[in-house]
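Here's the structure, in structure tokens; my notes come after.
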Amino acid sequence: MDFIRDYSYYGYLVVGLVIMLESMGLLLPAETMLIAASIYAASPNSGLNIHLIALSAIVGAIMGDNFGYLIGHKIGYHVLKKYGSKIKLTPERLLLGQYLFRHHGGKVVFIGRFMVLLRLFTALLAGANKMPWKGFMFYNALGGIAWAGGYSYVTYFLGKQILQLEGTIGIVLGVIGGVILLSFIWFIHKNEKKLIEHAQKEAEREAAELDHSINN
């Protein structure tokens, strides 16, 4: 009963829940809330433990991304296949998306954790594009630990000074992530036909291997 009377535990629950829901694709102020909770934990008599805040944030991030991945895997692909042509997502480009997430998805999953818009949709897209779950889980956990743990502890140790640095940190991370993302998009656009050919050959090879294993 002491656990229920200690309202600080509800704070950890809220931190984990909001981050989990944002990671599933809902537009929520998870990053701002994490920073605010960590600053509050640094204040005297706050009643919040920074280690539990970080743990709640990490668990919420990893769980949310996995739920988002499952949603994308079960529903997203069929939706993209049915309505993708309306946004110029041809079957060839859908196949290309699967190829890219299979071979380069780890970079997108990790970087996406630090960028708001990517953080909302990366897990859904990874699932929809059939990125292997083991690879997704590894980079998802790595990104979740780096993002949630990093923001929690850095904010806690810098205390209220982080409020002055938050804008600068956000701009720097945004610029770095933006440059990487734009370079990746440019490379894909320039080599789209070649990459589609690779994706088609790989899909044909996998289909042949599957047919061979069934027949034998």
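Selection of segment 105-127 for residues being among the small types (Gly, Ala, Ser), over 13 Å from MET24 (Cα atoms) and touching a residue at least 40 places away in the same chain (Cβ under 8 Å) yields an empty set.
Within segment 8-28, residues that are closer than 18 Å to ASN49 by Cα have Cβ atoms under 8 Å from residues that are in a loop (DSSP other than H, G, I, E, B) and of a type in the set (Asp, Glu) in no pair, counting only partners at least 6 apart in sequence or on another chain. Beta carbons closer than 9 Å, at least 6 apart along the sequence or on distinct chains, pair a first residue in segment 129-142 that is open to solvent by less than 90 Å² (accessible area, probe 1.4 Å) with a second that is outside any helix (DSSP H, G or I) and not hydrophobic (A, V, I, L, M, F, W, C) for TYR139/ARG113; ASN140/ARG113; LEU142/ARG113. A Cβ distance below 8 Å, combined with a sequence gap of six or more or placement on separate chains, defines the contacts here; from segment 45-58, residues that are outside any helix (DSSP H, G or I) reach residues that are of a type in the set (Gly, Ala, Ser) and surrounded by fewer than 17 Cβ atoms within 10 Å (Cβ to Cβ) in the pairs GLY47/SER8; LEU48/SER8; ASN49/SER8.
GLY25 passes every criterion in (1) open to solvent by less than 90 Å² (accessible area, probe 1.4 Å); (2) modelled with pLDDT of 90 or more; (3) more than 15 Å from GLY150 (Cβ to Cβ) apart from (2).
Counting only residues that are under 16 Å from the mean Cα position of the chain (by Cα) and surrounded by fewer than 24 Cβ atoms within 10 Å (Cβ to Cβ), segment 54-80 holds 10 of them. TYR7 fails exactly one of the following numbered conditions: (1) modelled with pLDDT under 80; (2) closer than 16 Å to ALA126 by Cα; (3) of a type outside the set (Gly, Ala, Ser). What is the number of that condition? Only one criterion in (1) modelled with pLDDT under 80; (2) closer than 16 Å to ALA126 by Cα; (3) of a type outside the set (Gly, Ala, Ser) is unmet by TYR7, namely (2).
The values are calculated or read from the model by the stated rules, or taken from the named source; none is laboratory data. Computed from a predicted model, the values in this text were never measured in an experiment. Backbone-built Cβ (ideal geometry, glycine too); neighbour counts: all protein chains shown. Remember, those area values only see protein heavy atoms, side chains included, never the ligands or the DNA or RNA. Shrake-Rupley method; radii C 1.70, N 1.55, O 1.52, S 1.80 Å.
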